Amino acid sequence: MIASLWQVEDVSTAQLMRDLYGSLSSMHGDAARALQRAQQLLRASKQKGVRSYEHPYYWAGFVISSSQP
């Protein structure tokens with residue numbers, strides 16, 4: 001389960017989730033690593049030459065909870 005710790009912005013969250021689910025298969029189902037990779041991609045993404053989502057507000061509010069170790 002993926003949850004947010006605070007109310008999140010829609011556009012950046014949509015991009016983060018696309019990257020997360022895109023990375024999930026290449027990370028062999030490791031959701032924590034896929035989330036970390038998606039967060040890194042979001043932080044590095046540029047719009048009109050500017051890193052719009054570098055601030056933790058856009059990427060740090062997500063956590064993964066799992067019943068598996």
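Quick rundown of the values:
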quantity	calculated
Count - residues of region 34-55 that are among the basic types (Lys, Arg) and assigned to a loop (DSSP other than H, G, I, E, B)	3
Residue check, TYR58 in contact with a helix residue (DSSP H, G or I) (Cβ under 9 Å, 6 or more places away or on another chain), surrounded by 17 or more Cβ atoms within 10 Å (Cβ to Cβ) and part of a loop (DSSP other than H, G, I, E, B)	no
Of all residues in region 1-43 being surrounded by 11 or more Cβ atoms within 10 Å (Cβ to Cβ) and of a type in the set (D, E, K, R), the one that is nearest to SER66 (Cα to Cα)	ASP30
Scan of region 55-66 for residues that are farther than 26 Å from GLY29 by Cβ and over 12 Å from the mean Cα position of the chain (by Cα), ordered by number	HIS55
Search result, residues across region 29-69 that are in contact with a strand residue (DSSP E or B) (Cβ under 7 Å, 6 or more places away or on another chain) and of a type in the set (A, V, I, L, M, F, W, C)	ALA31, ALA32, LEU35, PHE62, VAL63, ILE64
Selection status of SER66, surrounded by fewer than 17 Cβ atoms within 10 Å (Cβ to Cβ) and either charged (D, E, K, R) or in contact with a helix residue (DSSP H, G or I) (Cβ under 9 Å, 6 or more places away or on another chain) (or both)	yes
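Every number in this text was worked out from the coordinates using simple rules, so none of it is lab data. Being a predicted model, the structure only gives us computed values, none of them experimental. Using ideal geometry, Cβ is built from the backbone for each residue, glycine included, and neighbour counts are taken over all protein chains shown.
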